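See structure below.
Each reported figure results from applying straightforward, stated rules to the coordinates on display, with no laboratory input. Predicted model, so just to flag it, every value in this text is computed and none were measured. In this analysis, Cβ positions are derived from the backbone assuming ideal geometry, glycine residues included, and neighbour counts consider all displayed protein chains.
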Amino acid sequence: MKQAIIDIGSNSMRLTLYEVNGAKFKIFFKEKIMAGLAGYIENGVLSAEGIECAYTGLLDFREMLETLGIERVAIFATASLRNIKNTQEAVTAIKVATGYTVEVIGGEEEASFGYLGAMLEINLPDGVFVDIGGASTEIVPFENGQMLAAASFEVGSLSLYRECVKNILPGGGSLKRIRKTIAEKIDQKSFFPFAKQSPLVCVGGTARAALKLARKLYDLPIGCHSVSREQLESLCALLYRGDRTATELVLKLVPDRIHTLIPGMMILQHICALFQADEVIVSKYGVREGYLCRKIIQLEQNITPTPKTEN
């Protein structure tokens, strides 16, 4: 069967179509819309324009799915609709405009889905799962294949940009404000009283962009999906300078991340330091695959899903 999953995030809305066969799945195709919903939030309220942006994106996806004859569609929202005061208003408006019911998942649930999805590809016994989104960051330290904790923090690449950066790229003052905000929002002592945990297993646009930049900068092979701590630190130092070399590199490789990349990289660098991680591994699977497995395949078929290797 073909199953569509739509993830309404704070920075992007993503549609993934899966071919599901018993306990196995493979990705049929992906599509995304850079909606930037976090940019429509004022005083904790998603504006009418922001709600319209969300359901307009869903209407675009619906037209695509109807053309393909796809009837099985599941939609969930993360911090985009979770961390606002008018969640029910937004969900209701989306239902009226599109006919779609949106499930708003909790922060810890998002973290556990993300961890489950990432481990389908990267089956490591120990480490820290990290998902840096537009308005939230999920962290799951794990040992012996078991989650030690799961938490979501209300800090993301797009929300940091809106709160701390005055221009397109952050200057010295903006960098200080970003660091201060991250340190206040992500408190390891309160949530993760663990010793060194390595590697970081990362998903999300920031992690994918960091890997893409590192491949270019350090001439890494195309099949490489990891970055060393030293390479990450060097990449961050280059980006934080904000000179022409850094700007041209970002515009050439990840232009849609020009304003959110540095805030996201600062979150990644902060978490890497907290857990003294030696390596960052980027997984192609994440919260959507975890949601597919836990909320659809496992519940409907009572089986444990496994991914099928993509060609």
*Lys284 versus Asp219, label points 7 Å from Cα toward the beta carbon: distance in nm?*
2.6 nm
_At a 10 angstrom cut-off on C-beta neighbours, averaged per residue, how do the peptides 276-286, 227-237 rank from highest to lowest?_
276-286, 227-237
*Determine which lysines satisfy two conditions relative to Lys30: a Cα distance under 28 Å, and not lying fewer than 8 residues away in the same chain.*
Lys2, Lys95, Lys212, Lys216, Lys252, Lys284, Lys295, Lys308
*Sorted by mean Cβ packing within 10 Å, highest first, what order do the peptides 289-297, 172-180, 13-21 take?*
289-297, 13-21, 172-180
*Based on the Cβ-Cβ distance from Val45 to Glu71, what FRET efficiency comes out when R0 is 35 Å, to the nearest 0.05?*
0.55
*Setting aside same-chain residues fewer than 8 positions from Lys176, which aspartates and glutamates have a Cα under 20 Å from its Cα?*
Glu154, Glu163, Glu184, Asp187, Glu233, Asp243
*asked:* Viscosity 1.002 mPa s, temperature 20 °C: what is the translational diffusion coefficient of the chain from Stokes-Einstein with a Kirkwood Rh over Cα pairs, rounded to a whole number of µm²/s?
replied: 108 µm²/s
_Below 8 Å between Cα atoms, with a sequence gap of 6+, how large is the relative contact order for the chain in percent?_
21 percent
*Over region 36-95, how many percent of alpha carbon pairs lie in each 10 Å bin up to the one with the longest distance?*
21, 51, 22, 6, 0
_Helix-only mean residue ellipticity at 222 nm for the chain, each DSSP H run of n ≥ 4 adding -39500 (n - 2.57), per residue, nearest 500_ = -13000 deg cm²/dmol
_Kirkwood Rh, Cα atoms: Rg over Rh of region 123-282_ = 0.95
*Mind checking the full-extension length gain between Ala97 and Ile258? Use 0.36 nm per residue of separation minus the Cα-Cα distance, one decimal, nm.*
54.8 nm
